[in-house]
């Protein structure tokens, strides 16, 4: 059995967001054909997508090809709406969460994750509760809201609520820096995303969040934890040698918190996966693919299934056991 914890959904259509949510400049879907569309942000093309984003039959067929039994289905971060008013973001979350359930349709192979208006802790908690009551299993959040990272008071309040209600949290980078040096070669995705993830993992640790929230909180970072696992030794060295600046509110070196975090396996090569397993632990790595987007792994879980250093027991952990524990406790 294989569980893929990192996939995304784009509903085929949604109501006029300016009418339903208020405001202007919302993303919209430019339909090219029955199977192809373009996510537009105002008049700019954000991403071309196809029916694998919204057609459950296509998704299940691809899962069969990849040997994936179950799939977590999460929002696409461009729809988070963190730059909107809390009321607008709450309305947006309700629309897309309900549309996600219309795609997954209660099918047992799909595990839907919701989105929330993270800029408003009370509204975020309320939408999480509503969504879980309707069939969502967990929540995907962006790694920051403006200048507020995961150690900000409001986000910590939301994470404590997730722990209380047993909702697994999937942290996905978004809203990367841009500029002339990053707006070529997809550098925002190739360098910005790993750096964003690294920064927010440090915020959880050095900001003291993992010392304050209960161990029952189940957190997973996308894209192998970004650059965090590779530079964990550097963070430990800084914690010990420049504790006056680095330790923040943490009580232990960063490496002593790896048993509180999960990371997915979207690292694409055996040496990278080996580093990930050795750094985070064989109980903390789960299969993720970033399906159906072009920078994802196909077949999903291939790097885990073909890794020569993994024993059969370790492979089973990465393919299914760790994900089961992350998702369902």
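The values are calculated or read from the model by the stated rules, or taken from the named source; none is laboratory data. Quantities reported herein were computed from a predicted structural model and do not represent experimental measurements. Positions of Cβ are backbone-derived with ideal geometry, glycine not excepted, and every protein chain shown enters the neighbour counts.
Can you tell which of 308, 269 is under 26 Å from residue 186 (Cα atoms), over 19 Å from the mean Cα position of the chain (by Cα) and surrounded by fewer than 16 Cβ atoms within 10 Å (Cβ to Cβ)?
269
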For this session: Report, by residue number, each residue of the stretch 172-191 that is touching a strand residue (DSSP E or B) at 6+ places or on another chain (Cβ under 8 Å) and at positive phi.
Result: 175
Seminar exercise, completed: Exactly one of 200, 152 is in contact with a strand residue (DSSP E or B) (Cβ under 9 Å, 6 or more places away or on another chain), surrounded by 18 or more Cβ atoms within 10 Å (Cβ to Cβ), modelled with pLDDT of 95 or more and over 26 Å from residue 325 (Cα atoms), and that one is 152
Exercise. Yes or no: residue 304 within 20 Å of residue 111 (Cβ to Cβ) and outside any helix (DSSP H, G or I)?
Worked result: no
For this session: For the stretch 272-293, enumerate the residues that are surrounded by fewer than 24 Cβ atoms within 10 Å (Cβ to Cβ) and in a loop (DSSP other than H, G, I, E, B).
Result: 281, 282, 283, 284, 290, 292, 293
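For every residue, the table says whether it meets (1) closer than 18 Å to residue 8 by Cβ; (2) free of Cβ contacts under 8 Å to residues at least 40 places away in the same chain; (3) crowded, with 22+ Cβ neighbours inside 10 Å.
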{"residue": "64", "(1), (2), (3)": "no, yes, no"}
{"residue": "75", "(1), (2), (3)": "yes, no, yes"}
{"residue": "87", "(1), (2), (3)": "no, no, no"}
{"residue": "106", "(1), (2), (3)": "no, yes, no"}
{"residue": "111", "(1), (2), (3)": "yes, no, yes"}
{"residue": "114", "(1), (2), (3)": "yes, yes, yes"}
{"residue": "117", "(1), (2), (3)": "no, yes, yes"}
{"residue": "124", "(1), (2), (3)": "no, yes, yes"}
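Is there a residue in the stretch 127-139 that is buried (at least 21 other Cβ atoms within 10 Å of the Cβ), in contact (Cβ under 8 Å) with a residue 40 or more places away in the chain and within 27 Å of residue 232 (Cα to Cα)?
So far as the stretch 127-139 goes, no, none of its residues is buried (at least 21 other Cβ atoms within 10 Å of the Cβ), in contact (Cβ under 8 Å) with a residue 40 or more places away in the chain and within 27 Å of residue 232 (Cα to Cα).
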For this session: Output the residues belonging to the stretch 307-320 that are assigned to a helix (DSSP H, G or I) and either free of Cβ contacts under 8 Å to residues at least 24 places away in the same chain or more than 17 Å from residue 288 (Cα to Cα) (or both).
Result: 312, 313, 315, 316
Seminar exercise, completed: Note on residue 62: of the conditions (1) part of a loop (DSSP other than H, G, I, E, B); (2) at pLDDT 95 or above; (3) over 18 Å from residue 140 (Cα atoms), unmet is (1)
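Is it true that residue 94 is outside any helix (DSSP H, G or I), more than 30 Å from residue 315 (Cβ to Cβ) and in contact with a helix residue (DSSP H, G or I) (Cβ under 9 Å, 6 or more places away or on another chain)?
Values: outside any helix (DSSP H, G or I): no; more than 30 Å from residue 315 (Cβ to Cβ): yes; in contact with a helix residue (DSSP H, G or I) (Cβ under 9 Å, 6 or more places away or on another chain): yes.
No.
Residue by residue, here is whether (1) closer than 20 Å to residue 75 by Cα; (2) in contact with a helix residue (DSSP H, G or I) (Cβ under 9 Å, 6 or more places away or on another chain); (3) touching a residue at least 24 places away in the same chain (Cβ under 8 Å); (4) surrounded by 14 or more Cβ atoms within 10 Å (Cβ to Cβ) holds:
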{"position": "167", "(1), (2), (3), (4)": "yes, yes, yes, yes"}
{"position": "191", "(1), (2), (3), (4)": "no, no, no, yes"}
{"position": "229", "(1), (2), (3), (4)": "no, yes, yes, yes"}
{"position": "257", "(1), (2), (3), (4)": "no, yes, yes, yes"}
For this session: Out of 119, 71, 12, report the one residue that is modelled with pLDDT of 95 or more, closer than 30 Å to residue 183 by Cβ, touching a strand residue (DSSP E or B) at 6+ places or on another chain (Cβ under 9 Å) and not in a helix (DSSP H, G or I).
Result: 119
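Condition test on residue 324, is it crowded, with 16+ Cβ neighbours inside 10 Å, under 16 Å from residue 221 (Cα atoms) and either modelled with pLDDT of 95 or more or in contact with a strand residue (DSSP E or B) (Cβ under 7 Å, 6 or more places away or on another chain) (or both)?
Here the answer is no, as residue 324 does not meet what is asked.
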Problem set entry | Given (1) at pLDDT below 95; (2) surrounded by fewer than 18 Cβ atoms within 10 Å (Cβ to Cβ); (3) part of a loop (DSSP other than H, G, I, E, B), index of the condition residue 175 fails | (2)
Exercise. Tally time: how many residues in the stretch 20-46 are within 21 Å of residue 114 (Cβ to Cβ) and touching a strand residue (DSSP E or B) at 6+ places or on another chain (Cβ under 7 Å)?
Worked result: 3
